[in-house]
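Before I ask anything, here is the structure I am working with.
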Amino acid sequence: MRDLSKTIWDVIVVGGGNAGLCAAIEAAETGARVLILDSAPKAYRGGNSRHTRNFRCMHRGPLSVLTGAYEKDEYFDDLIRVTKGKTDETLARMTIAASEECLPWMEAHGVAFQKSLSGTLSLSRTNAFFLGGGKALVNAYYNTAEDLGVTTRYEAEVTHIVVEDGAFTGLDALIDGTPSRIEGRAVVIASGGFQADLDWLADAWGSSARNFLIRGTPYNRGVVLRDMLNQGAESVGDPTQCHAVAIDGRSPKFDGGIVTRLDCVPFSIVVNKDGDRFYDEGEDVWPKRYAIWGRLVAGQPEQVAFSVIDAKSIDKFMPSVYPPETANTIDGLAQKLGISGTKLRETVDAFNAACRPGNFMPTELDGLATDGLTPPKTNWARPITDPPFYGYSLRPGVTFTYLGLKVDETARVSGPGGPLANVWAAGEIMAGSILGEGYLAGFGMTIGTVFGRIAGQEAAAHVA
Amino acid sequence: MSLDIPQTQDATSEARRQIEICNACRYCEGYCSVFPAITRERAFGDGDITQLANLCHNCRGCYYACQYTEPHEFALNLPAALAEVRVESWARFAWPGRFARVFQQNGVALALALALSIAALFWALTALRPESGQGFYAFLSHAAMVAIFVPAFVFPFAVIAIGLKRYWREAGGTAITMAHLKSAFGDAARMKNLSGGAADGCNFEKTDRYSHARRHAHHAVMYGFLLCLASTSSGTVLHYVFDMPAPYGLFSLPKLLGIPGGFLLTIGAASLAWLKIKADPSLGAPSVWGGEMAFVFLLGATGATGLALYGATGTALVSPLLALHLGTVLAFFLTTPYSKMVHGFYRLAALVRDAQLRG
Ligand SMILES: Cc1cc2nc3c(=O)[nH]c(=O)nc-3n(C[C@H](O)[C@H](O)[C@H](O)COP(=O)(O)OP(=O)(O)OC[C@H]3O[C@@H](n4cnc5c(N)ncnc54)[C@H](O)[C@@H]3O)c2cc1C
Ligand code: SF4
Ligand code: SF4
């Protein structure tokens with residue numbers, strides 16, 4: 001293994017996910033000598049990007065796999081709606097405009113696309129799906145980077161960015177556990193959020209955060225983010241907030257990814273471990289509501305909840321990765337879920353009694369609401385009567401955190417004395433600038449691609 | 001008709017476990033027809049798993065793209081899981097099943113069959129040498145050739161027909177229409193799925209980089225084989241219908257079909273063997289690696305010995321090369337129902353069934 005400390009690298013990229021790879025490729029294409037350091041072993045390379053499936057792309061007419069048109073203003077309106085205005089309009093509009101040319105750039109650098117997946121037809125106009133998902137995208141970028149002469153070192157955790165007089169000179173990293181100082185002329189920080197550091201989450205959220213599941217990589221622990229903040233880098237985003245959805249409670253602690261999602265909530269009643277309902281399960285169609293359920297479940301005792309349906313609804317949603325608990329009586333189901341049978345029966349009975357006749361329409365707001373129940377269920381309220389009964393446990397699954405480094409339009413990071421001369425950031429670690437709240441499907445990869453490319457170009461221009 | 005070997009649950013339940021994860025994920029939908037077939041169902045019976053396994057052509061795209069491969073606890077390796085089910089299903093459907101195990105898994109057994117066939121031909125050439133005759137028939141009479149090769153040709157097809165019938169029952173197949181056949185043969189002829197779906201090739205020998213090498217090599221073998229078959233058939237027609245027995249000149253139909261066919265077959269098989277050596281065996285069914293490799297050599301040897309025989313025309317080598325070539329062909333046909341060769345038949349059946357299920 002070549003000694004990384006012997007070279008003065010032109011550009012060092014911290015983190016080999018989507019944003020870091022885009023930066024590395026752009027920089028290497030100018031002839032710069034580029035090093036990628038990633039804390040994960042090779043098998044887990046690609047961070048959270050490995051778990052993605054699509055990116056959101058502006059386009060004026062049909063483009064590759066994208067149908068119709070998705071213009072700038074519509075895209076921006078969608079962003080304003082989910083962030084409730086918590087965005088930097090200049091950066092947001094710039095990202096949206098740049099997304100259009102990302103697609104051909106991605107194709108030219110090895111990414112293949114596919115038509116939108118079954119069950120996600122609603123996204124066929126706005127989101128371009130990666131063939132094989134994010135891991136295939138990551139593989140393609142690593143191959144492209146390798147062909148361009150980029151050096152990649154896995155199991156290399158960056159612990160400190162050395163900034164002297166407003167400029168980066170090198171960094172400290174644990175290479176296979178051994179501390180090393182590596183020198184470079186520019187750095188792109190693309191090491192994701194801090195959601196895998198449960199202590200940090202617990203500081204921000206309270207000790208209940210230790211019961212949260214982390215949907216993505218265990219390696220995004222925010223080590224470099226904290227190091228930069230300690231050095232006075234300007235931050236952005238609410239430090240106490242994370243994006244969390246309700247996922248299958250039996251999922252792995254880390255890296256469960258997309259398959260752990262559960263789409264049964266709108267057709268179910270959801271109770272906490274005391275057997276009580278706590279929120280309107282039928283408030284809106286699931287894609288618009290699934291993000292609030294992470295928070296709702298996080299607010300329940302022991303951060304757990306149970307979604308209960310009957311035989312009528314079992315085939316109304318995408319199959320789950322783990323089979324549901326199944327029983328022929330509500331009591332039997334309660335026992336399997338580990339909650340009180342008497343209590344669950346009372347809750348189900350009260351719910352059933354409040355259901356009204358009407359037309360059930362699974363794919364639209366059908367107005368089939370309960371009458372006189374608190375909290376109400378305002379759509380898809382059908383009595384739970386037909387055995388077998390099914391139950392899934394739900395836990396909050398964290399996707400990403402909002403706190404990050406503030407950047408300008410050139411992806412440059414600012415320190416206490418203004419913009420740093422040669423430090424850029426891209427991807428999740430700066431996404432809070434644009435996505436201050438909520439989430440827009442496919443926007444994380446758009447931000448990473450747009451800013452990764454800019455950061456790589458800027459860093460390369462700086463060292464040229 | 002009861003099967004000689006029951007469907008074991010190990011391979012099938014492992015494949016089912018993985019398929020259920022895929023059905024919750026679906027990221028690989030664009031690679032091949034396996035995934036669209038998965039998303040049409042929620043629960044997978046044993047027959048469904050067999051059908052899905054035979055739809056898979058081991059391109060490995062879904063392995064390298066999977067975020068859940070080991071060391072992840074979901075331990076996805078769908079190409080391997082389906083390969084295990086697939087080779088097991090061929091052994092199970094074959095009659096008699098014992099043979100299938102032997103030739104599928106064991107390259108030595110196949111080599112032995114080859115040696116025996118060649119020896120048999122040497123014996124035939126010495127014992128049955130005719131008084132007179134032209135070309136090859138100077139060494140082995142036409143009647144003797146027919147006596148050996150007609151049964152050797154009919155037998156495998158009869159056995160494969162039994163297997164296909166068993167397959168069809170297990171996969172829940174219904175009455176076949178022209179439209180189903182058109183769709184299946186269309187896919188097979190273009191090897192549509194081998195092209196990687198929306199991908200630029202498959203991930204066979206260059207790990208996560210895409211390549212068309214396997215598709216090209218497979219095309220060469222398949223069309224080479226079909227040309228050789230057509231060459232023999234045209235010879236048969238010339239012999240019986242037009243009363244024009246062999247030998248044939250260079251510009252005759254049998255030679256015009258056979259020579260390019262022989263080259264394609266030989267080169268294609270050599271490339272397939274090379275690709276197989278480069279590819280990661282743990283993404284296939286490791287137990288049959290040796291048997292499959294031997295099969296590829298046997299296939300290539302039918303082409304190579306045929307060409308050698310033609311090249312030796314008029315020399316003293318004709319007699320031994322004739323034994324070699326005919327022995328190879330004999331071994332190839334006799335072991336067809338039990339070798340990798342059956343994949344073509346089951347794959348076609350799976351494509352027909354898939355066309356039915358797509359409606
Ligand atoms: C299950 C799931 C599905 C998602 N689906 C989508 C989707 O379909 N579309 C979309 O747009 N977004 C999606 N997202 C969000 C998306 O994953 C992120 O927005 C995006 O991947 C961020 O890219 P990145 O390059 O900034 O970070 P990452 O891809 O997470 O890469 C960060 C890298 O930094 C490395 N690293 C961390 N700390 C250090 C350190 N100290 N030293 C060295 N290396 C370090 C990590 O190992 C990792 O490889 C999804 C997220 C999850 C969890
Ligand atoms: S192979 Fe992996 S990535 Fe592909 S569909 Fe299955 S689980 Fe998803
Ligand atoms: S190996 Fe290829 S053909 Fe087989 S299931 Fe995976 S993608 Fe489909």
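The values are calculated or read from the model by the stated rules, or taken from the named source; none is laboratory data. If you're wondering where the values come from, they're calculated on a predicted model, not measured in any experiment. Glycine gets a Cβ as well: all are built from the backbone with ideal geometry, and neighbour counts include every protein chain shown. To get the accessible areas, we keep the full protein, side chains included, count just its heavy atoms, and leave off ligands, DNA and RNA. Shrake-Rupley method; radii C 1.70, N 1.55, O 1.52, S 1.80 Å.
Which of the lysines could a cross-linker bridge to A:Lys377, judged by Cα under 29 Å and excluding same-chain residues fewer than eight apart?
A:Lys377 reaches A:Lys84, A:Lys273, A:Lys288, A:Lys312, A:Lys316, A:Lys336, A:Lys343.
Within the accessible area of chain B, what % is carbon and sulfur when the probe is 1.4 Å and the other protein chains stay in place?
Working: 10580 of 15360 Å².
Carbon-and-sulfur percentage of accessible area, whole number: 69.
At a probe of 1.4 Å, how much accessible area disappears from chains A and B on forming the pair, both sides counted, to the nearest 100 Å²? Don't skip to the answer; put the middle values down first.
On the way: alone 18020 and 16750 Å², together 32080 Å².
The contact between B and A buries close to 2700 Å².
I would also like to ask the following. For A:Ser64 and B:Glu41, what is the calculated FRET efficiency with R₀ set at 45 Å and r taken between the beta-carbons, to the nearest 0.05? All intermediate terms of the calculation are to be shown ahead of the outcome.
Working: r = 30 Å, r/R0 = 0.66.
Efficiency at R0 = 45 Å is approximately 0.90.
Using a 1.4 Å probe on the protein heavy atoms, what percent of the accessible area of chain A belongs to carbon and sulfur?
Numbers: 8290 of 16710 Å².
Answer for chain A is 50 percent, counting heavy atoms of protein chains only.
Considering only DSSP states other than H, G, I, E and B, which GluC sites (Glu not before Pro) in the range B:50-91 qualify as loop sites with at most 13 other Cβ atoms within 10 Å?
Values: sites: B:Glu73, B:Glu84, B:Glu88; in loops: B:Glu73.
Sparse-neighbourhood loop GluC sites (Glu not before Pro): B:Glu73.
Here's another thing I want to ask about it. Give me a comma-separated list of calculated 3J(HN,Hα) values for the range A:377-391, in order, Karplus coefficients 6.51, -1.76, 1.60 applied at θ = phi - 60°, integers in Hz, x for any Gly or Pro.
In residue order, the calculated couplings are 10, 9, 9, 6, 8, 10, x, 8, 9, 9, x, x, 9, 10, x Hz.
Under 5 Å between amide H atoms, partner at least 5 residues away or on a different chain: which partners does A:Ser235 have, H built in plane at 1.01 Å?
A:Lys406
Please compute the modelled spin-label separation between A:Leu229 and A:Lys336, points set 7 Å along Cα→Cβ, answer in nm with one decimal.
Using points 7 Å along Cα→Cβ, the separation is 4.3 nm.
Then there's this: Can you list the residues, at least 5 places off or on another chain, whose amide H is less than 5 Å from the amide H of B:Arg129, using H built in the peptide plane?
The answer is none.
Tell me, for the protein assembly as shown, which Cys residues have no other cysteine's C-beta sitting closer than 4.7 Å.
A:Cys22, A:Cys57, A:Cys102, A:Cys242, A:Cys264, A:Cys355, B:Cys22, B:Cys25, B:Cys32, B:Cys56, B:Cys66, B:Cys228
Enumerate the aspartates and glutamates that A:Lys115 could reach by cross-link, defined here as Cα to Cα under 18 Å, with residues fewer than 8 away along the same chain left out.
In chain and number order, the partners are A:Glu100, A:Glu107, B:Glu29, B:Asp200.
Okay, moving on. Lysine pairs in chain B with Cα distance under 16 Å, only those 8 or more apart or on different chains: how many are there? Please list the in-between numbers first.
Details: B:Lys182/B:Lys192; B:Lys206/B:Lys276; B:Lys206/B:Lys278; B:Lys276/B:Lys340.
Going through chain B pair by pair, I get 4.
How far is it, in nm, from the label point at B:Ala138 to the one at A:Arg125 when both lie 7 Å from their Cα along the line to the Cβ?
Modelled inter-label distance: 7.9 nm.
Rolling a 1.4 Å sphere over the protein heavy atoms, what is the accessible area per residue of chain A, to the nearest Å²? It would help to have the intermediate numbers written out before the result.
Working: 16710 Å² over 464 residues.
Normalised by residue count, the accessible surface of chain A is 36 Å².
May I pose another question? Can you run phi through the Karplus equation (6.51, -1.76, 1.60; θ = phi - 60°) for the range B:27-32 and list ³J(HN,Hα) in whole Hz, with x for Gly and Pro?
4, 8, 3, x, 7, 7
Per DSSP H run of at least 4 residues, take -39500 (n - 2.57); add these up for the protein assembly as shown, divide by its residues and hand me the 222 nm value, nearest 500 deg cm²/dmol.
Working: 25 runs with 371 residues, N = 823.
Computed mean residue ellipticity for the protein assembly as shown: -14500 deg cm²/dmol.
Suppose we take every Cα in the range A:258-298 and form the convex hull; what volume per residue is that in Å³?
Numbers: hull volume 3.3 nm³, N = 41.
Output value, Cα hull per residue: 79 Å³.
Name the residues of the range A:253-290 whose accessible area falls by at least 20 Å² when all protein chains are present instead of the chain alone, probe 1.4 Å?
Listed by number, the residues meeting the 20 Å² cut-off are A:Asp255, A:Ile258, A:Val259.
Ok, one more. Net charge near A:Lys273: determine it from the other residues with C-beta under 11 Å of the C-beta of A:Lys273, scoring Lys and Arg +1 and Asp and Glu -1.
Working: positive: A:Lys343; negative: A:Asp274, A:Asp276, A:Glu302.
For residues surrounding A:Lys273, the net value is -2.
Starting from the Cα gyration tensor of the range A:73-132, take the square roots of the eigenvalues, sort them a ≥ b ≥ c, and report rounded, prolate or oblate (rounded when a/c is under 1.5, otherwise prolate if a/b is larger than b/c, else oblate).
On the way: a/c = 3.12, a/b = 1.45, b/c = 2.15.
In terms of gyration-tensor shape, oblate.
What residues qualify as long-range amide H neighbours of A:Gln241, i.e. H under 5 Å apart, gap of 5 or more or another chain, H built at 1.01 Å from N?
A:Tyr402, A:Leu403
Let's test the formula: R0 of 30 Å, r as the Cβ-Cβ distance of A:Glu101 and A:Glu437. What FRET efficiency results, to the nearest 0.05? It would help to have the intermediate numbers written out before the result.
Values: r = 28 Å, r/R0 = 0.92.
Efficiency, from the Cβ-Cβ distance: 0.65.
Sort the range B:9-92 into rounded, prolate or oblate with this rule: let a ≥ b ≥ c be the square roots of the eigenvalues of the Cα gyration tensor; rounded if a/c is under 1.5, and if a/c is not under 1.5, prolate when a/b is larger than b/c, oblate otherwise.
rounded
Name the residues of the range B:59-98 whose accessible area falls by at least 20 Å² when all protein chains are present instead of the chain alone, probe 1.4 Å?
B:Tyr64, B:Ala65, B:Gln67, B:Tyr68, B:Pro71, B:His72, B:Glu73, B:Phe74
Counting DSSP beta bridges in the protein assembly as shown, what percent are antiparallel, to the nearest 5? If you can, show how the numbers build up before the last one.
Details: 49 of 68 bridges.
Bridges in the protein assembly as shown that DSSP calls antiparallel: roughly 70 percent.
Oh, and also: With angles folded into 0 to 90 degrees, how steeply does helix B:213-240 sit against the dominant principal axis of chain B? Use alpha carbons for both and round to 10.
Helix B:213-240 and the main axis of chain B meet at about 40 degrees.
A further question follows. At 1.4 Å probe size, with no ligands or nucleic acids counted, give the accessible surface of A:Glu100 in Å², nearest ten.
We get 40 Å² for A:Glu100.
How large is ³J(HN,Hα), in whole Hz, for each residue of the range B:126-137 in order, when computed from phi with the Karplus curve 6.51 cos²θ - 1.76 cosθ + 1.60 and θ = phi - 60°, using x for Gly and Pro?
For the range B:126-137, the Karplus-derived couplings read 7, 6, 9, 4, x, 5, 9, x, 10, x, 5, 5 Hz, x marking Gly and Pro.
Right, here's the next one. Angle between the Cα long axis of helix B:342-358 and the longest principal axis of chain B, 0 to 90 degrees, nearest 10?
So the helix axis and the longest Cα principal axis differ by about 40 degrees.
I've got another one for you. Between helix B:142-170 and chain B, what is the angle of the helix's C-alpha long axis to the longest principal axis, kept within 0 to 90° and rounded to the nearest 10?
10
Can you compute the modelled spin-label distance between B:Glu70 and A:Phe360, with each label point 7 Å from Cα toward Cβ, in nm?
Label at B:Glu70, label at A:Phe360, 4.3 nm between them.
Could you rank A:Asp366, A:Asp248, B:Asp46 by how accessible they are, 1.4 Å probe, largest area first? List each step's numbers first, then the result.
Numbers: A:Asp366 25, A:Asp248 0, B:Asp46 50 Å².
From most accessible down to least: B:Asp46, A:Asp366, A:Asp248.
Next question. Compute the FRET efficiency between A:Asp284 and B:Glu131 as 1/(1 + (r/R0)^6), taking r as their Cβ-Cβ distance and R0 = 60 Å, and round to the nearest 0.05. Mind dumping the intermediate values first?
On the way: r = 92 Å, r/R0 = 1.54.
The formula returns an efficiency of 0.05 here.
Which parts of the range A:292-315 would a label at A:Arg345 reach, counting a residue when its backbone N lies under 19 Å from a point 7 Å out along Cα-to-Cβ?
So the set is A:308-311.
Taking the Cα centre of the range A:142-271 as origin, sum charge times position over the Cβ atoms of Lys and Arg (+1) and Asp and Glu (-1), and report the length of that vector in debye to the nearest 20. Don't skip to the answer; put the middle values down first.
Values: 10 positive and 18 negative charges, 101 e Å.
Approximately 480 debye in magnitude.
Answer rounded, prolate or oblate for the range A:245-397, using the Cα gyration tensor with square roots of eigenvalues a ≥ b ≥ c: rounded when a/c is under 1.5, else prolate when a/b is larger than b/c, else oblate.
Numbers: a/c = 1.44, a/b = 1.19, b/c = 1.20.
Verdict is rounded for the range A:245-397.
Under the 0.36 nm per residue contour assumption, what length would be gained going from the current alpha-carbon distance of B:Thr174 and B:Ser287 to full extension? It would help to have the intermediate numbers written out before the result.
Working: separation 113, 0.36 × 113 = 40.68 nm, distance 3.26 nm.
The B:Thr174-B:Ser287 span can extend by a further 37.4 nm.
Put A:His59, B:His142 in order of accessible area, largest first, 1.4 Å probe: what do you get? Spell out each step's value before the answer.
Details: A:His59 0, B:His142 45 Å².
From most accessible down to least: B:His142, A:His59.
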